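Colleague: One structure, pasted below without further comment.
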Amino acid sequence: PGLTVHFSKNVMDLDETRMAPWGILICGRSTGDGWVRLEQGGYVPCEVGGVQVLFKQTEETRKGRQRLSAVQQARQDAMRKKSIRVVSEPEDNLASRMSIRTNDVDIVQFGTPIFYIEQDAEHIEISLMRLGKQKGQAEVFFQTQDASAKAGMQYEPTAGSAVFEDGQSEALIYVKMVDDGKWNPTLEFKVKLTDPKNCELGLYLHTCRVKLINNIAFPSNRFTEYLANGRHGIEEIPKAALLLEFMKMMWKAPGVKWRTITTLLMDQVDNLYLYFVLSVNVYYADVLFHKGEGHTNFLGFSVGLLVPGDRDDTAKILGIMYFLPILAIYACAYLKIKVNLRGEIRVFLRTSLFRKYLNYDEDSRSRVRVPDMEVALMQESTDVADGFIKVVDLMGILGQLLVLIMFTLKK
């Protein structure tokens, strides 16, 4: 429908609440590197997909605009009452003044497209503004919507109506926050206005985003004193304690807890099969290949030949008992692949890191080298995820050691 506005000169840094419709004149000043800085803030690219979409206003382009097709002209007329009209001056850099044209009905919209709040705050105040003559009562309905932040986990779902009395130009919406006490990347949710009464909604500011700023250090605040000493202090953090805090943080991450438990249970299937094989080997020596009629403790029961008096049939039954558990082991191995604990942790780390990066201001982002981000996203996040998996694997090895100890003590 139009050209998307960006918060900075980064194609990934989108302002989803603003868009410049095709076929209008925009107000801004060229930065000389393929971007135009808008007078009301934000950036738009001069090219999309290698095709130039922004041109300096000239007499020729003015005449070209007058030759728009009937369909395009009708569409512009329908939007004119609540669209942003921008006129450019014939200078080397695009520059103009922006004016908002509306009809006699008041416009209700959010005070800003983005609100910021610390996650440990009790609530956030979201401001609404009423533009126009402010005569009579006006009302709009509002409702929160999940984005990366989820209702009930980071904030309480809220819906209701905001009423503007006669002459009232501002109103506030309150949304309660939920502090889960753990580290999170910069998450956000949306608040949307609908069902206006005696007013109209703003063209773009009918929806706002609320960004939740998490002040907890990664992976927890346990090492705050070390962090105060900079890089030297970070290197002095006890490695075992740091790993423990990371494990605790990941345990609370979405989708990690049940995957970890499932993986641990699947690992113990191998250990149960090991105990079974050891017991069968003892059974071979004490019963099946014993010259007389032998007995042994097999899987907790005192047994002789499985088929009394017939060693051949007993051996066949043992062969089947060997084979069936292997199918269960393969099924568990397949289930572990489908659960994909390593992949879930890797995706969580990469997503969190990239969200943090996208919420840097332009100055902070310029201090981060692109190769460093690439290494962190592609390699280091995988190494950290492997650290968690190795601890889980260690639990399986400890289970195997426990089986061997129990078998030895029993015999």
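Colleague: Using the 2.2 N^0.38 Å rule of thumb for compact globular proteins, work out how segment 217-356 stacks up: its C-alpha Rg over that value, please.
Modeller: 1.74
Colleague: In nm, to one decimal, how far is the modelled label at Phe354 from the one at Lys252, with both set 7 Å along Cα→Cβ?
Modeller: Taking the two extended label points, one gets 2.5 nm.
Colleague: Go through segment 155-166 residue by residue and turn each phi into a ³J(HN,Hα) via Karplus (6.51, -1.76, 1.60, θ = phi - 60°); whole Hz please, and just put x for glycine and proline.
Modeller: Those phi angles translate into 8, 8, x, 9, 8, x, 10, 10, 10, 9, 7, 4 Hz.
Colleague: Give me the one-decimal nm value for the distance between modelled label points at Val282 and Glu170, 7 Å along each residue's Cα-to-Cβ direction.
Modeller: 8.0 nm
Colleague: Ignoring ligands, DNA and RNA, please state the percent of accessible area on segment 100-158 from carbon and sulfur, probe 1.4 Å.
Modeller: In segment 100-158, the share of accessible area belonging to carbon and sulfur is 47 percent.
Colleague: I would also like to ask the following. Can you tell me the dipole magnitude for segment 144-231 around its Cα centre, using point charges on the Cβ only (Lys, Arg +1; Asp, Glu -1), in Debye to the nearest 20?
Modeller: That gives a dipole near 520 debye.
Colleague: How far is the Cα center of segment 102-171 from the Cα center of segment 300-340, in Å?
Modeller: 65 Å
Colleague: Let me ask you something else. Largest first and in whole Å, what are the equivalent-ellipsoid semi-axes of segment 125-166 based on the Cα gyration tensor, each being the root of 5 times an eigenvalue?
Modeller: Semi-axes from the Cα gyration tensor: 28, 10, 7 Å.
Colleague: Could you pull out every residue, at least 5 positions away or on a different chain, whose amide H is within less than 5 Å of the one on Asp15? Hs are placed 1.01 Å off N in the peptide plane, and Pro or chain starts have none.
Modeller: Those lying under 5 Å, H to H, from Asp15 are Val5, His6, Phe7.
Colleague: Taking just the alpha-carbon atoms of segment 227-272, what radius of gyration and Dmax come out, in angstrom?
Modeller: 15.8, 49
Colleague: Largest first, what is the accessible-area ranking of Tyr204, Tyr330 with a 1.4 Å probe?
Modeller: Tyr330, Tyr204
Colleague: Another question, if that's okay. With labels modelled as points extended 7 Å from the Cα through the Cβ direction, what inter-label distance (nm, one decimal) is found for Ala241 paired with Lys390?
Modeller: If labels sit at Ala241 and Lys390, their model points lie 2.1 nm apart.
Colleague: How compact is segment 316-411 by the rule of thumb for globular proteins, expressed as Cα Rg over 2.2 N^0.38 Å?
Modeller: 1.75
Colleague: Taking amide H atoms as placed 1.01 Å from N in the peptide plane, list the residues 5 or more away in sequence, or in a different chain, whose amide H sits under 5 Å from that of Val175.
Modeller: Ile124, Ile126
Colleague: For Ile216, which sequence-distant residues (separation of 5 or more, or a different chain) have an amide H within less than 5 Å of its own amide H, given hydrogens modelled in the peptide plane?
Modeller: Hits under the 5 Å cutoff: Asn184.
Colleague: At a Förster distance of 45 Å, what's the computed FRET efficiency of Asp146 paired with His290, Cβ-Cβ distance as r, to 0.05?
Modeller: 0.10
Colleague: Among the aspartates and glutamates, select those whose C-alpha is under 18 Å from the C-alpha of Lys197, and discard any that sit fewer than 8 residues away in the same chain.
Modeller: Candidates past the 8-residue exclusion: Asp104, Asp106, Glu139, Glu165, Asp166, Glu170.
Colleague: Another question, then. Give me the extension gain from Arg231 to Leu327: residue separation times 0.36 nm, minus the current Cα-Cα distance, reported in nm with one decimal.
Modeller: Full extension of this stretch gives 29.4 nm more.
Colleague: Considering only protein heavy atoms and a 1.4 Å probe, what is the carbon-and-sulfur percentage of the accessible area of segment 212-265?
Modeller: Roughly 63 percent of what the probe reaches on segment 212-265 is carbon or sulfur.
Colleague: Counting Lys and Arg as +1 and Asp and Glu as -1, what is the net charge of the other residues whose Cβ lies under 12 Å from the Cβ of Asn340?
Modeller: Spelling it out: positives minus negatives among the neighbours equals +4.
The values are calculated or read from the model by the stated rules, or taken from the named source; none is laboratory data. All values reported here derive from a predicted model rather than from experimental measurement. Note that each Cβ is placed from the backbone with ideal geometry, even for glycine, and that neighbours are counted across all protein chains shown. Just the protein is used for accessible areas: all its heavy atoms, side chains included, with ligands, DNA and RNA removed. Shrake-Rupley method; radii C 1.70, N 1.55, O 1.52, S 1.80 Å.
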